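A short write-up of the structure that comes next.
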């Protein structure tokens, strides 16, 4: 699952315990994930007066491919037109990440544009070490950080899938995905509902193609700043329908002052196979 300023990184990952138990050298490591490109149409569901937002619409494109041995790559673009009554602005966020589960490494590059002008770039790399995760940040400032034990986004979302399969309905984790200024992890709580079959009339189920009659889990992930009190409201909350192969649909992104929905408009399965690889 990715979190880039306005949206969480949703998809794929494998738990550390599963990787520790994986056979070494030449064995096939299967994650069950499918390389794909998903396009979502975004609409404003609700906005408080405090937000100043009178309208918002846009599109999100998420492309995922790779495998456990070679690493997983995501390309993510999130474009919104935001209306504030007396003005309209175009927000465009472009993120590329690479996550090597085998070696515990993660790199990220996010460019944020407003009205086609570059506002900000966040670039860096992180590595999981015995004493915690070290982050080498190149943009917006050159610095090295130690942020303690945390999950990367691909790890975290396969933790979600693993827990869903095991019937575990609630769990917590720290997640680092390079969002905002790339200098901190977020505390998360995840709630997984019971597996369901699609119901007649669900808006975007037909766009899942061959998986239209496949079971999914309803999932909600809440993200918190680590220095907030335990009863604090989340920075944002994301709900979606998650398939075992990593595909998601029917998104709801709640940022407190406003709520966006994401309808799966198009799904394309890529030729690359993200589910397995032979490690040498």
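Output the peptides 132-144, 255-267 sorted from most to least packed, where packing is the average of other Cβ atoms within 10 Å over each peptide's residues. Spell out each step's value before the answer.
On the way: 132-144: 14.8, 255-267: 18.2.
Listed from highest to lowest mean packing, they are 255-267, 132-144.
At a Förster radius of 22 Å, what calculated FRET efficiency corresponds to the Cβ-Cβ distance of residue 49 and residue 233, to the nearest 0.05? Let's see the in-between values first.
On the way: r = 18 Å, r/R0 = 0.81.
After rounding to 0.05, the efficiency reads 0.80.
Evaluate 2.2 N^0.38 Å with N set to the residue count of the range 2-270, then give the Cα radius of gyration divided by it.
On the way: Rg = 18.2 Å, N = 269, 2.2 N^0.38 = 18.4 Å.
Ratio of Cα Rg to 2.2 N^0.38 Å: 0.99.
Which distance in nm do the two modelled labels at residue 119 and residue 265 give, with both placed 7 Å along the Cα-to-Cβ direction?
2.1
What is the order of 154, 190, fewest Cβ neighbours within 10 Å to most?
Numbers: 154 32, 190 22.
Ordered by Cβ neighbours within 10 Å, fewest first: 190, 154.
Run the paramagnetic zone check for residue 105: 7 angstrom along Cα to Cβ, then residues of the range 120-147 with backbone nitrogen under 15 Å.
124-129, 134-137
With a/c under 1.5 counting as rounded, go ahead and sort the range 96-207 into rounded, prolate or oblate using the C-alpha gyration tensor (a ≥ b ≥ c being the square roots of the eigenvalues; past the cut-off, prolate if a/b is larger than b/c, else oblate). List each step's numbers first, then the result.
Working: a/c = 2.72, a/b = 1.41, b/c = 1.93.
Since a/c reaches 1.5 but b/c is at least a/b, the shape of the range 96-207 is classed as oblate.
Quick check on the exposure proxy: order 57, 179, 107 from fewest to most C-beta atoms within 10 angstrom.
Working: 57 14, 179 26, 107 18.
Least to most surrounded, the residues fall as 57, 107, 179.
Coordinate-derived values only; no laboratory data. Fair warning: this is a prediction, and the values are worked out from it, not measured in the lab. Here the Cβ is made from the backbone with ideal geometry for all residues, glycine too, and neighbour counts use every protein chain on show.
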